[in-house]
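Chemist: Got a structure for you, written out below as structure tokens; questions coming shortly.
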Amino acid sequence: MKKILSIILCFMLCVSIVGCSSNSSSNSVQSNSENVKETKNYSLELTNGTFKVGEDLDPGKYILVKNEGEFMGNYDITTDTTGDMESSIDSNAFENFSYIEVKKGQYLQLDKCTLYKVDEIKDKFDFSNEKELTNGMFRVGAGKDVEPGEYKLEIASDDDNAQGWYSLYNNLGKGYKGGPDLQDSDFFSGSKLITLKEGQYLKLDSETKLIK
């Protein structure tokens, strides 16, 4: 059921998003994602195609960054290339950047985004000193993007009709069929309290911010 819920919410997100937030933290995050290519000599940089894990890239965790000028990036992780629903492990869209974990024998399809090794790009996605987080996927843990604990999520937009949205993952590769383990995913109005635990990943859209 969590897998189905994630797919439904992702679809609703793609339909409902009408633009990026004017929040200063969101602008800062967006600027980082669009300036990734200013740094050269990445040992791995994959974009817009289908890749086999174990051949085109090693198993492990990676960061995906939306390509400059695109509205959203998206990816699919599958067990094969048949296109059947049964082969799907994870499929999602994102406005800015997202983390994934892939395993040997899986297939990764990228569209309008670029994959990098986390260690080679982590300095551009270090939000440990930010007072607010928005528009991206953030790692929970000591010394990472946000410390474990209870936090408030708020609407980042001034639009009275805007809704906040988040997805919280326990991990990225120990869920159904080796995909992400989704703990919770929901839309909300006004504000919402949320508890984050060590090792989790929190995904926020441009309408939503976390107050540290």
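The values are calculated or read from the model by the stated rules, or taken from the named source; none is laboratory data. Predicted model only: the values in this text are computed from it and were never measured. No Cβ is skipped: glycine too gets one built from the backbone with ideal geometry, and neighbour counts run over all protein chains shown. What goes into the accessible areas is simple: the full protein's heavy atoms, side chains included, and nothing from ligands, DNA or RNA. Shrake-Rupley method; radii C 1.70, N 1.55, O 1.52, S 1.80 Å.
Chemist: Taking each pair of distinct Cα atoms in the range 41-180 once, what is the resulting Kirkwood hydrodynamic radius in Å?
Modeler: After inverting the mean inverse Cα-Cα distance, the result is 16.3 Å.
Chemist: Sticking with this one: Under 1.5 on a/c is rounded, so check that first for the range 39-84, then, if it is not, pick prolate when a/b is larger than b/c and oblate when it is not; a ≥ b ≥ c are the square roots of the alpha carbon gyration tensor eigenvalues.
Modeler: The shape class here is oblate.
Chemist: Classify the range 60-102: rounded, prolate or oblate, from the alpha-carbon gyration tensor (a ≥ b ≥ c, eigenvalue square roots; a/c under 1.5 rounded; otherwise prolate if a/b is larger than b/c)?
Modeler: Verdict is oblate for the range 60-102.
Chemist: In 10 Å bins starting at zero, report the fraction of Cα pairs in the range 147-193 per bin as a rounded %.
Modeler: Calculated over all Cα pairs of the range 147-193, the distribution is 24, 40, 27, 9 percent.
Chemist: Here's another thing I want to ask about it. Once the dipole of the range 104-151 is set up with Lys and Arg at +1 and Asp and Glu at -1 on Cβ about the Cα centre, which of 141, 114, 127 lies farthest towards its positive end?
Modeler: Checked the options; the winner is 114.
Chemist: If the viscosity is 0.692 mPa s and the temperature 37 °C, what translational diffusion coefficient in µm²/s does Stokes-Einstein give for the range 110-167 when Rh comes from Kirkwood over Cα pairs?
Modeler: The Stokes-Einstein estimate is 237 µm²/s.
Chemist: While we're on this one: How would you classify the range 110-212 from its alpha-carbon gyration tensor, with a ≥ b ≥ c the square roots of the eigenvalues: rounded for a/c under 1.5, else prolate if a/b is greater than b/c, otherwise oblate?
Modeler: rounded
Chemist: Can you compute the FRET efficiency between residue 158 and residue 109 using 1/(1 + (r/R0)^6), with r the Cβ-Cβ distance and R0 = 25 Å? Round to the nearest 0.05.
Modeler: 0.10
Chemist: Okay, next question. Once ligands and nucleic acids are excluded and a 1.4 Å probe is used, how much of residue 42 is accessible, expressed in Å² to the nearest 10?
Modeler: 40
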